[in-house]
Every structure is written in structure tokens, then in C-alpha cells.
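The values are calculated or read from the model by the stated rules, or taken from the named source; none is laboratory data. What you are looking at is a predicted structure, and each value in this text was computed from that prediction instead of being measured. When we count neighbours, we look across all protein chains shown, and the Cβ atoms used for this are built from the backbone with ideal geometry, even at glycine. SASA here: full protein model, heavy atoms, side chains in, ligands and nucleic acids out. Shrake-Rupley method; radii C 1.70, N 1.55, O 1.52, S 1.80 Å.
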Amino acid sequence: MKFRLHLFLLTATLLFPTAIKAQSNHILAYQQPATYFEESLVMGNGKLGATIFGGIDSEQIYLNDATLWSGEPVDPYMNPEAYKNIPAIRQALADGNYPLADQLNKKIQGQFSQSFAPLGTLFLDFNQAAEATNYHRELDISNATAQIHYEIAGVRYSRECFVSHPDQVFVIRLAADKKEALNFSIRFESLLKYGTEALDEIFSVNGYAPYHAEPNYRGEMPEPVRFDADRGTRFSTLIKVHSDGRVTYSDSSVAVSHAGDATIIVSVATSFNGFDKDPAKNGRDHKALAMEQLRKAWSKSPDALRKNHIEDYQNFFQRLSLDLGPTTAPDLPTDERLKRYAQGLEDKNLEILYFQFGRYLLISSSRTEAVPANLQGIWNPYLRPPWSSNYTMNINVEENYWLAESANLSEMHKPFLSFIGNLAQTGKVTAKTFYGIDKGWAACHNSDIWAMSNPVGDFGQGHPVWACWNMSGAWSVTHLWEHYQFSGDREFLEHTAYPLMKGAAEFCLAWLIEDKHGYLITSPSTSPENQYLTPDGYKGATLYGGTADLAMIRECFRQTILAAEELEIDVAFREQLQQALERLHPYQIGKKGNLQEWYHDWEDADPKHRHQSHLYGLYPGHHITPEKTPELADACRTTLEIKGDESTGWSKGWRINLWARLRDGNRSYKMYRELLMYVEPDGARKANYSGGGGTYPNLLDAHPPFQIDGNFGGSAGVVEMLLQSNEQEIHLLPALPDAWQEGSVRGVCARGGFELSFNWQYGHLVGVTVLSKAGENCHLRYQDKRIAFNTEPGMTYSFGAGLKRAD
């Protein structure tokens, strides 16, 4: 058996690891096991997620599968006559009766989304009574492996974990430096319905998720989680152990005794078979899938599995490197580094680590077709997780993918891009039944693995401030155009992107109505999760002509026109969109110099609200810029000044990018530092905590609680400070902060199909190399210098200081 041939190599690798420095730009290191989730090490292969605590007496590892959710395919016809209420809402708004409009808007609601489910917890019980010393726990994001080392009674114990994408298994390797000193048992627990059994020297777990789970924010209610043996997504988890000791399987556990080393292989599969197929009646054969994965992995040595995993992962991770110059920060564990950094001290490698950790998380959570990373990525231990751990479509799922293209991880964008196709199918019914629109498709605030597109609220129970927003179709399709802009994939544009973009634009075109001045507006409208105050003091959500709606429609129309021009099709439709663009209600600058969020110059109920959706045109959109629309850019700046810098984690991530687009690198950097503010784990934090968002000890984003979008937004912001691009040009060092006086970046991507590497000293560009992937004309900009040149696919072009040609 290949396993036995590699046991000595395995033991040596685990017990005598290469010395590493905690002050690393690619290693998270700790001197104690995790007590809370927010201290754990998260790992994944884009489908299977593992959360590792590194325990001594007992190791617990949360397991998740990206395709294991509560629920079943959604019935898009859940409220077939909701659209009949639209005229009454519009009339109430026209009459200035905003309280009535809010009440009527509740009739434009359907069911809540379903929840991402926890698969279960794997326990490794060592039952070692003596105290451990020399404890070390680390996650190396350069190769996506985790290690735990400690000594007990003179024996050194080690564990290594990785989750392999090519072999689709989770691998745990254990070793002791004394013969027969390794003794432990494996057991499994789950909040789902499940059973365990020993099956031909395999520990087998089979179970099923609930067919319904209420959102956690609905509080206590009768039967919030509902199971039925004949309904819901099925799962299988198979565990097999190889060891030089004795391995004993029972129906409740696996025991390993008198061993020097052991390798545990975990294979997971579910019955999920697509958003529109019943996972119980028409699901995949999860048992056969899990067994086939295990069989194939078992035929390979541990070193071969590790090699396959690292080669696959590094193919993506090593595409981009970042250096911010020398650091004087001391050698500390990651949690202590965060605490020190919060005091305002320098740690450039921590800033790089956080940026690269975002890339690590995207590779680890987003590799399953049509199943994007959710609010918690793929790491959730709760049956009713925060906000259902769903796809929150009014910023959060989109923010998850802001770094995908620019940070050279285009493949990780595809799960979201393919999900949009599913969303459009249910969205056609949503457009018709909720809004009375026969053309195109619409989607709203929340979605889930079943591609739910309706407005939520449980048929009138939800407040319109969060339940009734309907612009996520217009927002999400901009990601399709972005992917084309970076990849140059014309086939993708023609067959996938453009039909979806056109459908979203068709809905928006039909949804617009004239205001009393002849401008086109949306009605009813809401601005995501924010509320206005009317002059007579009414605090409301429903209005007409919300700025955020019109900003997203502008970007959707603009990009759809560009896509149709690129494909040389739909001339008449292009003209319709262009005419509508020119008639959209224009941006308004308020009495405070701010960009108005509301049609009227009303006050915000919360002037420092976390959402800034009306600034969409500045970022992630492209139609507000300091050069082309300076007055609007200044109004965006004033808006951000009014809001201040303190907010939730994901909101700070957004503001980093907004300030970068305003060319204010120092303000972006200030917010980047604040995003890295140390936040205690939820279970250890005081109940009355009000310190805003930041970063947990394990570098996950603190909303709080944990939301992964802040990680992705922060990483995207680093790129935005160093490079910005649009359809016209590539702007080098557009928002370089004073703190980054020297550095280099290799492998960052720009629109037009370009990959760039460049370096700078004393705050000035020294040299840049451009790789052209698509052969498009390139327009480089640095400060007041510009250069344009033709390119050939696969060719590189080099320039020195001042953009002087160097090749």
C-alpha cells in the first residue's frame, strides 16, 4: 500500500517543520488553541469547508459543504397578484402619503430565503491528561495547509490539515516522535438529522438538512427549523484512517491506538443537483459520490495528495505578490500583531497578510459552479446562522467578488456569474408577478442556493426598508461585463453575459416611469436598509426616484449598450437604452454639499448609516469620477465625510474603495488600518460592545458578527489604491498612501485583458511591465503622464520612470 511507503517522510515532515517567523506576510500563527470560532483556522477547497480549532485534549473541526442548505426549489409564483398593488403605491407616493406607501409596499413581499447549513463537527479525542508545552498553531496561506505542534510528557505531537480541490477530500495527518504514543478516537456530531455506522473499515455518516429554516432574526417562533425524512438535501460523510498502529471501527467512532502516525481522509458529498431539482426526489447519489471520492484518494499516498493540493492551490495564489518595503515590526503571533497594530504601530507584512488572506479565502470558498461564496463564505456552525448565511444581494455577495478579477482570480468569479443565470430564471416570474413587468427579469434583497429572487418579508411581515428593494438584477449583471472586460472572452459575452444583461436592462426599462418634470424614475423605490425623514418628521423607506436605483440602472444601461456595440447587435434596443439614459432623473447635490440619497433633499434618519448605496456610481460603478464629474465626486466626498469612518466591517471595506476612487490614498489607508482593528471573539466580547467593525484574531471580518464580505472588500481596496482601470485607461498608483513609500506588485490585472507588474520608490513609479492577454490597445496613465500603444496577445511591454519605453 502506498500509504506505508511514505510514513517515515510523513513523520519527519510533521515533527520537524521548517522554522517560520510569526512576523510573516503569509502565515497566521498562534501560541494557543482556539476557544472560539473567531480564533479558529478556516480552510476549504471551494466546496468543502473545515474550521480547525487545534485542540490538545480534544480537537473539534466544523465541517461545511457549499451545497448543503435548508430548503427546496422555490415556487416563484408564491404571490401571483402582488403586482396589482403597484398602482396604489405609486398613487400614494404621488400624493405625498409616505406612511400609506410604506404600508402598501408590504403587499409586495414573498417568503424568506433558506439558510446555509452546518454539516457537522468532527472530534478527535486524545484524552491526554498532562499539560502541553511549546504549543504552536499556524495556517500557511501560501500553500493552504494548517499545522499544530505541541509537547506532552516529553513527546512531540503534530498535525497537518489541508482540503484538496483536485482530490475532493479533507486530509488530517498526525504524528508523534515516540513509537506507539499516538492514541485517539474519532467521532461525529451534527445539528442535522443523521446516523453513523461502520462500513467495511469506513466510518460512514448519512443525514439530511431541514426542508425549512427561519432566519435567525425572526427570533423565537413555533418550529423555526423543520425536518422531514422524505424532504431536504441529503449528505454523506465518509472517514477512513491509515496508521502504523491499530485502527478499530465501530458504529459510533473510530479508535486509533499504539500509533506513531495516522492519516485521516474525509470525503463529503450532498444530493444537491441544481437550484430547480428536488434534492430528495431528484438529487445526486451522494453516497456513491462520497465513496468514489474516498476510493480515488485512498489509492494515493499522503504526499501525493498533499502535492496535488499545493500545486492546484498555488496555480492561483502565486499569480500575484505584493511587497510594501522593509518593516520594523517585531516577531509576534497574529492575534498579538493585531493588538499592536491597533495602537497605530507599523506592520507592513500584516497589511500584506490581510490582503493575501482575502485571496486565500476566495480560492477556498468559491469553486463550485453556480454556488457563490455566501455571507460567511463556506464556514458556518449554526443551524440558524446570522442573516441565514445567505446571498444578501444589496451589497454583500457583490462585494465578495470585487477582488476576483483585479487580484488575478478570475476563475473564482465564475460561481457567482453562473448563479446569475439561475437567478434570471426565477427572476422572470418575479418581474411579472411582483412588478407586472413582462420583459426581462428582476431580483431583490436576498437569495439562496435555490436562486430565490422575490422580495422577502413573509407576505407583509417585513419592513420595506430591508424587504422591498428590487435592483439586485441590475447590480449583479455588471459583474458579467466586468468579467468580459478583464478576460476578453467574447464567447462568454455573446452566449452568457449579454442575454442576462439585456434581461436586467429590459426590466429596468419597463419599470421606469415619468416624474412631473418628465424625467424617468423608479416608483416605488427604497434605498438599501436606510430611511429618510420628511420635513414633517415621518421616518420612512418607500419613495420614488431613489438615487441608488438610478445609479445602478445607469451602470446597467451603459454597460449593456457597450456589450451590444461590441457584439454589433440590437441597434434599436441600444437606442432605447441611450434615450432612457438621457432622461433619467439627474443626480442632485443637497444643501450640505452631499450627494442626495433621496429624490428630495431630505435628512437621513441615520446620517452615519452603514450603507452608501447612492455612491454606487463612484464605486463599484464607473460613471462618477474626479476627472469627468468633479462636482459629483466632491458631493460623494462630502457624503463620506458626513457619514464618518466608523462603521461595520463590510462597510469599511466599501469605503476603502470609495476613497481610493476619490484619489485619497491616505484616507483609504486610514480606513484599511481601521478595518484591521482587533475585535474580540463574539463569545469573549462584552454584550454591550459598540466598537464597530474590524478583524477577529483569525483575520476574519467582524461585522460583527463574522461576515466574509469585509475581507474581500478590504483586499479589493488594496488593489484599488495601487491600480485602477476602466474601458478607457489603466491608472497606476492612483491613490498611493504616504505610508507605502516603496513597494512592488506582480500580477495585478486591469480591464482590457492586461496583467501588470510594477514597483515604486519614495512614492513614485520606477517601472512597469504590461502583459497583454487579449491584444487590445493599452492606455497607461501615471500622474499627468499618459501613453498609448498597440499590443499583441501574449507579449509584454516594459516602461521606466515617467512611462518611458524600456524595451
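Descriptive notes on the structure:
- Per residue, the accessible area of the chain comes to 35 Å², computed with a 1.4 Å probe over protein heavy atoms only.
- Measure of compaction for segment 476-526 (Cα Rg per 2.2 N^0.38 Å): 1.49
- Put a dot 7 Å past the Cα of residue 490, heading toward its Cβ, do the same for residue 536, and the two dots end up 6.0 nm apart.
- Heavy-atom accessible surface of the chain: percent carbon and sulfur, 1.4 Å: 48
- Note on the chain: helix-only mean residue ellipticity at 222 nm, from DSSP H runs of 4+ residues weighted -39500 (n - 2.57) and normalised by residue number, equals -9000 deg cm²/dmol.
- Cut-off 14 Å (backbone N to label point 7 Å along Cα→Cβ of residue 458), residues of segment 86-120: 110-114
- Hits among lysines - C-alpha to C-alpha of residue 804 under 28 Å, sequence gap 8 or more where chains match: 628, 773, 785
- Taking a point 7 Å from the Cα of residue 510 along the Cα-to-Cβ direction, the residues of segment 413-446 with backbone N closer than 11 Å to it are 428-442.
- Sorted peptide list for 720-729, 704-713, criterion being average Cβ within 10 angstrom, highest first: 704-713, 720-729
- Separation between Cα centres of segment 637-655 and segment 177-233, rounded to whole Å: 40
- Per-residue ³J(HN,Hα) for segment 611-618, Karplus 6.51 cos²θ - 1.76 cosθ + 1.60, θ = phi - 60°, Hz, x for Gly and Pro: 7, 9, 5, 6, 8, 3, x, 7
- In segment 463-593, the ratio of gyration radius to Kirkwood radius, Rg to Rh, stands at 1.03 when only Cα atoms are counted.
- Along principal axes, Cα extents of segment 650-763, largest first, whole Å: 49, 29, 23
- Cα→Cβ-extended label distance, 7 Å offset, between residue 571 and residue 339, nm: 7.0
- The Cα trace of the chain gives Rg and Dmax of 26.7, 85 Å, the first to one decimal, the second as a whole number.
- When each of the peptides 46-53, 506-513 is scored by how many other beta carbons lie within 10 Å of its residues on average, the order from highest to lowest is 46-53, 506-513.
- In order along segment 165-179, phi translates into HN-Hα couplings of 6, x, 9, 6, 9, 9, 10, 10, 10, 10, 8, 10, 8, 10, 4 Hz, rounded to whole numbers, per the Karplus curve 6.51 cos²θ - 1.76 cosθ + 1.60 with θ = phi - 60° and x for Gly and Pro.
- Proximal lysines to residue 652, defined as alpha-carbon separation beneath 16 angstrom and excluding residues fewer than eight positions away on the same chain: 608, 643, 670
- Segment 568-665: GluC sites (Glu not before Pro) falling in loop per DSSP and having at most 14 other Cβ within 10 Å: 568, 627
- In degrees, nearest ten, helix 665-675 long axis to first principal axis of the chain (Cα): 50
- FRET efficiency, residue 311 to residue 628 (Cβ-Cβ, R0 41 Å, nearest 0.05): 0.35
- Qualifying trypsin sites (Lys or Arg not before Pro) in segment 577-644, DSSP loop, other Cβ atoms within 10 Å at most 16: 591, 592, 608, 628
- Backbone geometry of segment 378-389 corresponds, through the Karplus equation with coefficients 6.51, -1.76 and 1.60 at θ = phi - 60°, to 3J(HN,Hα) couplings of 9, 10, 8, x, 9, 6, 10, x, x, 6, 6, 6 Hz, x marking Gly and Pro.
- Close amide H contacts of residue 377 (hydrogens built in the peptide plane, cut-off under 5 Å, sequence separation of 5 or more or a different chain): 708.
- Other-chain or far-sequence residues with amide H under 5 Å of residue 603's (modelled H): 533
- The length gained by stretching the chain between residue 726 and residue 438 to full extension, at 0.36 nm per residue less their Cα-Cα distance, is 100.4 nm.
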